[in-house]
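In what follows, a single structure is set out as structure tokens and then discussed.
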Amino acid sequence: MGRPPLDIGTYGKIRCYQTEIGWTATAQYRDYDGKTRPVMRRGKTKPDAERRLKKALTERKGPVGNSLTPDSRFKDALATWQEKFQKLVDMGKRSPSSLDTYTSILNRHVLPGLGEVRIREMTVARIDAFLTALWRSVGVDSAKTARSVISGALRIAVKDKALDTNPVRDTDPLESGRKKSPRALTREERLLWLEMLESDLVAVRKDLPDLSRFMMATGVRIGEALAVYWEDVDFEAGTVDVNYTVIRVKGLGLIRKSTKTEAGERTLPLPKWALDMLRRRRGVTLFPNGPVFPSSLGGLRDPANTRRDLRNARGGDEFAWVTSHVFRKTAATILDEAGLSARVVADQLGHARPSMTQDTYLARKAVDRKAADALESALDRPEEDQPDDSDQDEQGGPPDAAA
């Protein structure tokens, strides 16, 4: 019976011998393709040659080139994860803006903090300590993004058998405290907001009143609103197609890309006042083949800059809480108050799951008497247990009351 083969990623006995120019250490190593190959290193002395060989065996990845070992640096797993995410972006399955966000957190925080750690050293305690420190120094959102990056890289390490399980799963949750209830503009606030913008010459020049109207009429995200071209508006049918969003990609500038999900691609009916506003804009636009809300040069408008314009225009404390997403929440709340189902509201907003719409965008906490009416009979006795009026005596008391 022959000798059993080495396990993949392991090596056999190290043999050393002296040569005319020094010492040579050699060992058989079973690579990640299953083949066993000799590995050799030289040194001035026997311990030097043996040390060089052990280092080469530890860092060896085999001819496949991408496999990770427990002794691989975590930066290698991160590089593999980033490469795979880039391929998903190239295939249109992930957003370029997501890659930019992840890459920024990766380079600024994850690599400096954990890049040189061995994969086998990526324990729950070490990851927890890193994320907690990051949370305290830069905030919960950056810490959550870092957690996603670390988890993705370690998921690859698990697939390569460098770890048995992903330790990120057992780290403490990152919570930002009590979540604020979504707030929408009331009818009075909506009218006051538009009146305020209309009286601001800078806001009018930057199209903020009409942009606010369009977002409240549709519930679209600001990037989706800025990606609407005139060809997407059907005045006869009274609808607008929302199939794109505007994002900024490093090295490319502003681009118009498809929405995040299939549910995000939708055709929305427009209220009459929104159609009238669009007809008015159509009649005076200098760019009939471009965006409905263009930049000063007629091209795509930067969502980040437009958010800044809205912040500058909102004045004092009264509207200090208003962001571009408030218009989206306002549209959702109006539809909810009209009695439309969560499914219909989700379709309007481009959500695949109504639960997302209910949890994040519906600000209403209505006191509905129907709820109390439905619970009215909760403690009623069954009908057969009710006292029989025929058994009442003439005085109105129960039978045998005088006994």
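Laid out as a table, the results:
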| quantity | calculated |
| --- | --- |
| Label-point separation in nm, Gln86 to Arg308, each point 7 Å along Cα→Cβ | 2.9 |
| Anisotropy class of segment 89-162 from Cα gyration tensor, a/c 1.5 cut | oblate |
| Segment 141-250: GluC sites (Glu not before Pro) in DSSP coil with no more than 16 other Cβ atoms inside 10 Å | Glu175, Glu236 |
| FRET efficiency for Lys46 and Arg136, using Cβ-Cβ distance with R0 set to 30 Å, rounded to 0.05 | 0.05 |
| Neighbour-count order for Ile334, Ile105, fewest beta carbons within 10 angstrom listed first | Ile334, Ile105 |
| Restricting segment 9-48 to trypsin sites (Lys or Arg not before Pro) in coil, as DSSP defines it, with at most 15 other Cβ within 10 Å | Lys13, Lys35, Lys44 |
| Three-way shape label, segment 15-59, alpha-carbon gyration tensor, a/c 1.5 | prolate |
| Per-pair calculated FRET efficiency, R0 = 56 Å: Arg279 and Arg120 via Cβ, rounded to 0.05 | 0.25 |
| Relative contact order of segment 74-170, defined on C-alpha pairs under 8 angstrom at six or more residues apart (%) | 35 |
| Trypsin sites (Lys or Arg not before Pro) within segment 230-327: DSSP coil, no more than 11 neighbouring Cβ in 10 Å | Lys250 |
| Charge dipole of segment 74-170 about the Cα centre (unit charges at C-beta), most positive-ward option of Gly139, Gly113, Ser151 | Ser151 |
| Charge dipole (debye, nearest 20) of segment 1-101; +1 at Cβ of Lys and Arg, -1 at Cβ of Asp and Glu | 360 |
| Cα-based shape type of segment 187-337, given that a ≥ b ≥ c are square roots of the gyration tensor eigenvalues and the cut on a/c is 1.5 | rounded |
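Values in this text are rule-based calculations from the coordinates and carry no lab data. The shown structure was predicted, so the numbers you read here are calculated from the model rather than taken from an experiment. Virtual Cβ from ideal backbone geometry, glycine too; neighbours counted across all protein chains shown.
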